[in-house]
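The structure appears right after this line, and notes come after that.
The values are calculated or read from the model by the stated rules, or taken from the named source; none is laboratory data. On a predicted model such as this, the values are computed, not experimentally measured, just so you know. Glycine gets a Cβ as well: all are built from the backbone with ideal geometry, and neighbour counts include every protein chain shown. Only protein heavy atoms, including side chains, enter the accessible area calculation; ligands, DNA and RNA are left aside. Shrake-Rupley method; radii C 1.70, N 1.55, O 1.52, S 1.80 Å.
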Amino acid sequence: MTTLTVDDVTLTYPDGGGRLTALNRVNLTVGGGEIAAITGPSGSGKSSLLATVATLIRPDSGHVRLETPDRAVDLAALSRREAASVRRSDIGIVFQQPNLIPALTAVEQLEAMSHLGQSWFTAPGVRRRTHTKARELLAAVGLAEQHGKRPAQLSGGQRQRVNIARALMNDPALLVIDEPTSALDTERGSAVIDLILDVVRAHHAATLLVTHDRTHLHQMTSVYTMTDGVLTPSRTAAAA
Ligand code: ADP
Ligand code: MG
């Protein structure tokens, strides 16, 4: 069983002569196949929490424990090199803007993910398996027919689906998703949230989801509110 435990995490940024506290002793737990939703006003620290959990920023203090059946690691205590390796193998990241590579087709976006960190030579069998998996994931997000299209040929909602499929390419134990629907209309946004609910259950990833969309909060395992760097549970898994 996978569990992510954020334990008393504090993060500050330099701010003029002083420091700005972006995360103030934050605690949170989420298990595999569960989604902890995080809401809160702009500038309250939501993205900073996701970046910290995703090992992109190291906090001033506290622990970010990721336990999987294979191992337990404190994501807040890794070197840059270790963090990059853990991101490749264990963490799926979905940001608001898809950041797809314009020249690559949908299936190539996913394949490129898998080849990151590998040598320039990849055995044909591995390449075939990667291709098959990329096609399966695109089908799972409803884009079976669009695998050969480049980002410019896809709608905003379709690009966000490619983004989500790409984050699943390495079977992440941990998924962090930051405002995935903010660039989409309500209907497409709902479809993307439904997709996230499906893939999290299917892949058993421990998931943190930042969202402004209150209509879906009842479907989440737990709900937290961030205010000025302080995270407060609104509804916890136990009470769900
Ligand atoms: P949210 O995602 O809730 O809008 P953020 O985590 O992006 O909030 O930002 C929290 C606070 O930290 C804000 O005051 C923001 O200006 C500040 N901040 C975010 N990133 C940086 C950074 N790289 N350097 C300095 N301050 C930052
Ligand atoms: Mg943000």
Problem set entry | Complete set of residues in the stretch 15-36 that are in contact (Cβ under 8 Å) with a residue 40 or more places away in the chain and either over 21 Å from Pro59 (Cα atoms) or of a type in the set (Lys, Arg) (or both) | Arg25, Gly31, Gly32, Gly33, Glu34, Ile35
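From the list Val162, Val192, which one is among the hydrophobic types (A, V, I, L, M, F, W, C), touching a Lys or Arg at 6+ places or on another chain (Cβ under 8 Å) and over 20 Å from Val53 (Cβ atoms)?
Only one candidate passes the filter, namely Val192.
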Exercise. Restricting attention to the stretch 1-52, which residues are under 27 Å from Arg88 (Cβ atoms), part of a strand (DSSP E or B) and not β-branched (Val, Ile, Thr)?
Worked result: Leu4, Asp7, Leu11, Tyr13, Ala22, Leu23, Leu28, Gly31, Ala36, Ala37
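More than 16 Å from ligand 1 (Cβ to nearest atom) and within 30 Å of Ser44 (Cβ to Cβ): is that true of Val200 in this structure?
Details: more than 16 Å from ligand 1 (Cβ to nearest atom): yes; within 30 Å of Ser44 (Cβ to Cβ): yes.
So Val200 fits the description; yes.
If I filter the stretch 193-216 down to residues being open to solvent by 20 Å² or more (accessible area, probe 1.4 Å), away from ligand 2 (no atom under 16 Å from the Cβ) and of a type outside the set (S, T, N, Q), which single residue comes out as modelled with the highest pLDDT? It would help to see each step written out before you state the result.
The initial filter retains those residues of the stretch 193-216 that are open to solvent by 20 Å² or more (accessible area, probe 1.4 Å), namely 194, 198, 201-204, 212-215.
Among the residues that remain, those that are also away from ligand 2 (no atom under 16 Å from the Cβ) are: 194, 198, 201-204, 214-215.
Still in the running and of a type outside the set (S, T, N, Q): 194, 198, 201-204, 214.
Working: Asp194: 91, Asp198: 90, Arg201: 91, Ala202: 90, His203: 89, His204: 94, Arg214: 88.
Going through the qualifying residues, I end up with His204.
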Exercise. Only one of (1) β-branched (Val, Ile, Thr); (2) surrounded by 16 or more Cβ atoms within 10 Å (Cβ to Cβ); (3) within 16 Å of ligand 1 (Cβ to nearest atom) is not met by Thr221, so which one is it?
Worked result: (3)
Seminar exercise, completed: The condition from (1) within 16 Å of ligand 2 (Cβ to nearest atom); (2) at negative phi; (3) open to solvent by less than 70 Å² (accessible area, probe 1.4 Å) that Tyr13 misses is numbered (3)
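Search the stretch 16-31 for residues being of a type outside the set (A, V, I, L, M) and either surrounded by 20 or more Cβ atoms within 10 Å (Cβ to Cβ) or closer than 17 Å to Val210 by Cα (or both), and hand back the single one that is nearest to ligand 2 (Cβ to nearest atom).
Step one: list which residues in the stretch 16-31 are of a type outside the set (A, V, I, L, M), which gives 16-19, 21, 24-25, 27, 29, 31.
Keeping just the survivors that are either surrounded by 20 or more Cβ atoms within 10 Å (Cβ to Cβ) or closer than 17 Å to Val210 by Cα (or both) gives 27, 29, 31.
Values: Asn27: 20, Thr29: 22, Gly31: 24 Å.
The residue in question is Asn27.
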For this session: Search the stretch 38-59 for residues being touching a strand residue (DSSP E or B) at 6+ places or on another chain (Cβ under 8 Å) and more than 14 Å from ligand 2 (Cβ to nearest atom), and hand back the single one that is farthest from Ile196 (Cα to Cα).
Result: Pro59
For this session: Give the residue that is most open to solvent (accessible area, probe 1.4 Å), with candidates limited to residues of the stretch 104-156 that are assigned to a loop (DSSP other than H, G, I, E, B), at pLDDT below 95 and farther than 20 Å from Val199 by Cβ.
Result: Trp120
Exercise. Which residues, taken from the stretch 39-83, are of a type in the set (D, E, K, R) and exposed (fewer than 13 other Cβ atoms within 10 Å of the Cβ)?
Worked result: Asp70, Arg71, Arg80, Arg81
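Condition test on Val73, is it within 16 Å of ligand 2 (Cβ to nearest atom), out of contact with any Phe, Trp or Tyr (no Cβ under 6 Å at 6 or more places or on another chain) and β-branched (Val, Ile, Thr)?
Values: within 16 Å of ligand 2 (Cβ to nearest atom): no; out of contact with any Phe, Trp or Tyr (no Cβ under 6 Å at 6 or more places or on another chain): yes; β-branched (Val, Ile, Thr): yes.
Criteria not met by Val73.
Does Thr55 meet the test of being without any contact (Cβ under 8 Å) to a residue 60 or more places away in the chain, more than 9 Å from ligand 1 (Cβ to nearest atom) and not in a strand (DSSP E or B)?
Numbers: without any contact (Cβ under 8 Å) to a residue 60 or more places away in the chain: yes; more than 9 Å from ligand 1 (Cβ to nearest atom): yes; not in a strand (DSSP E or B): yes.
Yes: the conditions hold for Thr55.
For the stretch 84-97, indicate whether the set of residues that are over 20 Å from the mean Cα position of the chain (by Cα) and open to solvent by 70 Å² or more (accessible area, probe 1.4 Å) is non-empty.
The initial filter retains those residues of the stretch 84-97 that are over 20 Å from the mean Cα position of the chain (by Cα), namely none.
No, the stretch 84-97 contains no residue that is over 20 Å from the mean Cα position of the chain (by Cα) and open to solvent by 70 Å² or more (accessible area, probe 1.4 Å).
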